[in-house]
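Engineer: Can you read through this structure? Questions will come right after.
The values are calculated or read from the model by the stated rules, or taken from the named source; none is laboratory data. All figures in this text were calculated on a predicted structure; none of them were measured in a lab. Cβ placement follows ideal geometry from the backbone for every residue including glycine, while neighbour counts extend to all protein chains displayed.
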């Protein structure tokens with residue numbers, strides 16, 4: 001059975017369907033995510049391009065530094081980002097129903113402006129599975 005999850009922007013104009021399980025769920029502390037979101041870090045669920053379907057509404061594309069992002073053309077809610085050089089899409093997990101975001105780690109903690117103390121691994125860059133060194137930081 002193929003599990004799917006439907007998310008919407010904050011005003012409900014944009015609908016996106018996510019099919020299957022996320023490849024990873026995590027918090028990103030990189031300076032690009034900080035600048036684009038206006039926050040200290042971003043909750044992300046990573047899906048393959050094939051698992052994401054934009055089903056309703058208009059998405060506007062913009063790019064701050066390195067990553068093309070899409071937001072609702074009506075309310076401006078950031079919905080997703082296209083991972084450069086890969087066949088993956090990062091979905092803003094704040095749009096998930098309560099209790100469905102299950103982060104496994106923090107990445108890019110070298111840029112952290114607000115260290116988060118929890119039981120998850122905190123990678124200085126990225127985990128090995130994402131092409132990083134797997135080096136962690138201790139807070």
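Engineer: Step by step: first the residues of the range 62-75, then only those that are at pLDDT below 95 and touching a strand residue (DSSP E or B) at 6+ places or on another chain (Cβ under 8 Å), then the one that is surrounded by the most Cβ atoms within 10 Å (Cβ to Cβ). Which residue is that?
Structural biologist: Ranking the qualifying residues of the range 62-75, first place goes to 69.
Engineer: Of all residues in the range 1-25, how many are touching a helix residue (DSSP H, G or I) at 6+ places or on another chain (Cβ under 9 Å), touching a residue at least 40 places away in the same chain (Cβ under 8 Å) and in a strand (DSSP E or B)?
Structural biologist: Number of matching residues: 6.
Engineer: Related question: Keeping to the range 35-49, report how many residues are farther than 18 Å from residue 15 by Cβ and free of Cβ contacts under 8 Å to residues at least 60 places away in the same chain.
Structural biologist: Of the residues in that region, 9 qualify.
Engineer: Further, regarding this structure: If residue 89 passes every condition in (1) modelled with pLDDT of 95 or more; (2) within 22 Å of residue 35 (Cα to Cα); (3) not in a strand (DSSP E or B) but one, which one does it miss?
Structural biologist: For residue 89, the exception is condition (3).
Engineer: Another one. How many residues are in contact with a helix residue (DSSP H, G or I) (Cβ under 6 Å, 6 or more places away or on another chain) and either loosely packed, with under 14 Cβ neighbours inside 10 Å or more than 24 Å from residue 85 (Cβ to Cβ) (or both) if we restrict to the range 112-133?
Structural biologist: 1
Engineer: Restricting the search to the range 64-77, which residues are touching a helix residue (DSSP H, G or I) at 6+ places or on another chain (Cβ under 9 Å) and not in a loop (DSSP other than H, G, I, E, B)? Even if it seems obvious, please write down each step before you answer.
Structural biologist: Let us first name the residues in the range 64-77 that are touching a helix residue (DSSP H, G or I) at 6+ places or on another chain (Cβ under 9 Å), namely 64-67, 69, 77.
Passing the criteria: only 69.
Engineer: Please verify whether residue 11 is out of contact with any strand residue (DSSP E or B) (no Cβ under 9 Å at 6 or more places or on another chain), surrounded by fewer than 15 Cβ atoms within 10 Å (Cβ to Cβ), modelled with pLDDT of 95 or more and over 29 Å from residue 115 (Cβ atoms), treating the condition exactly as stated.
Structural biologist: Against the criterion (out of contact with any strand residue (DSSP E or B) (no Cβ under 9 Å at 6 or more places or on another chain), surrounded by fewer than 15 Cβ atoms within 10 Å (Cβ to Cβ), modelled with pLDDT of 95 or more and over 29 Å from residue 115 (Cβ atoms)), residue 11 does not qualify.
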